[in-house]
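Beneath this line is the structure, given in structure tokens, with notes to follow.
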Amino acid sequence: MIEFVTINEDNFKDVINLEVAEIQNYFVAPSVRSLAECYLYCNNNDVFPYAIIGEEKVVGFLLLDTDENEEEIMIWRMMIGKQYQGKGYGRETIKKIVQMSKEQNNTLF
């Protein structure tokens, strides 16, 4: 079971220390860059960064972007740390986002 927790002082270092395998670096930005970009848009109150918690530790990072007018949730960034890949955390994350979207009557993009 996973949980999405807002980035805070307790989990910040664990989030920015997440890495993917070298071959995956091309596909996802480092979480520190994602957090910096999130900060640029935080005044719009539509960008939400989360630590993905599994087994009481940070296993990944998720950045969601919402559009209330269009009733959409977009996965802006998602990263599962290389040491946690292949254990179902990515699949659980997607399922949880789909469930959140259904509960909020949004479309997922």
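Before moving on, here are some points about what is shown:
- Contact annotation: residue pairs with Cβ atoms under 9 Å, 6 or more positions apart or on different chains, pairing a residue in segment 9-35 that is free of Cβ contacts under 8 Å to residues at least 12 places away in the same chain with a partner that is surrounded by fewer than 17 Cβ atoms within 10 Å (Cβ to Cβ), are GLU22/LYS82; ASN25/GLU19.
- Flag for VAL20 being in contact with a Gly (Cβ under 9 Å, 6 or more places away or on another chain) and in a loop (DSSP other than H, G, I, E, B): yes
- Scoring ILE73 on the criteria (1) touching an Asp or Glu at 6+ places or on another chain (Cβ under 9 Å); (2) surrounded by fewer than 13 Cβ atoms within 10 Å (Cβ to Cβ); (3) closer than 17 Å to PHE4 by Cα leaves a single failure, condition (2).
- Residue in segment 71-83 that is assigned to a helix (DSSP H, G or I) and modelled with pLDDT of 90 or more present: yes
- The residue of segment 55-65 that is modelled with the highest pLDDT, among those that are assigned to a strand (DSSP E or B) and surrounded by fewer than 19 Cβ atoms within 10 Å (Cβ to Cβ), is LYS57.
Yes/no matrix, rows are residues, columns are (1) surrounded by 15 or more Cβ atoms within 10 Å (Cβ to Cβ); (2) at pLDDT 95 or above; (3) under 23 Å from ASP10 (Cα atoms):
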position: ASN44; (1), (2), (3): no, no, no
position: GLN85; (1), (2), (3): yes, yes, yes
position: LYS95; (1), (2), (3): no, yes, no
position: GLN99; (1), (2), (3): no, no, no
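- Apart from one condition, TYR39 fits all of (1) touching a residue at least 24 places away in the same chain (Cβ under 8 Å); (2) closer than 18 Å to PHE12 by Cβ; the exception is (1).
- Within segment 1-37, being surrounded by 12 or more Cβ atoms within 10 Å (Cβ to Cβ), farther than 16 Å from VAL59 by Cβ, out of contact with any Asp or Glu (no Cβ under 9 Å at 6 or more places or on another chain) and hydrophobic (A, V, I, L, M, F, W, C) holds for VAL32, LEU35.
- Hits in segment 5-64 (condition: closer than 13 Å to ARG77 by Cα and basic (Lys, Arg)): ARG33
The values are calculated or read from the model by the stated rules, or taken from the named source; none is laboratory data. Being a predicted model, the structure only gives us computed values, none of them experimental. Please note: Cβ atoms are built from the backbone with ideal geometry, for glycine as well, and neighbour counts cover all protein chains shown.
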